[in-house]
């Protein structure tokens, strides 16, 4: 007997802003600098929230969002920032784990 599985679509399971933020955070951490991977995550989150709504809030067209966020290539940083803002998320930065943090005043 053959078992058939439906394709997994993360967008079907992202329901809250917290889940969307956690998904994006995890993808950023796992991306190893792959901007297309992060774009794919943004596209999945945008589909979960509703591409039309995100297009309206970002000032970008639905078509351009579908074109720029499939994960096939790196979108412009402007598009990334607009999408993140329209998703009611924000970017933040922190020091990488394992990095020795030196006091800049002591180095100079």
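All of the numbers you see were taken from the coordinates with simple rules; none came from a lab. Being a predicted model, the structure only gives us computed values, none of them experimental. Note that each Cβ is placed from the backbone with ideal geometry, even for glycine, and that neighbours are counted across all protein chains shown.
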With a 10 Å radius around each residue's Cβ, average the other Cβ atoms per peptide and rank 39-50, 75-86, 56-67, highest first.
39-50, 75-86, 56-67
Please give the helix 35-49 orientation as an angle from the longest Cα principal axis of the chain, in degrees from 0 to 90, rounded to the nearest 10.
50 degrees
How far, in degrees from 0 to 90, does helix 17-30 lean away from the longest principal axis of the Cα atoms of the chain, to the nearest 10?
60 degrees
I need the shape label for segment 3-59. Rule: rounded when a/c is under 1.5, else prolate if a/b > b/c, else oblate, with a, b, c from the alpha carbon gyration tensor.
oblate
Helix 77-86 vs. the chain, principal-axis angle (Cα, 0 to 90°, nearest 10):
70 degrees
Taking Cα atoms of segment 18-89, Rg/Rh with Kirkwood Rh, to two decimals?
0.92
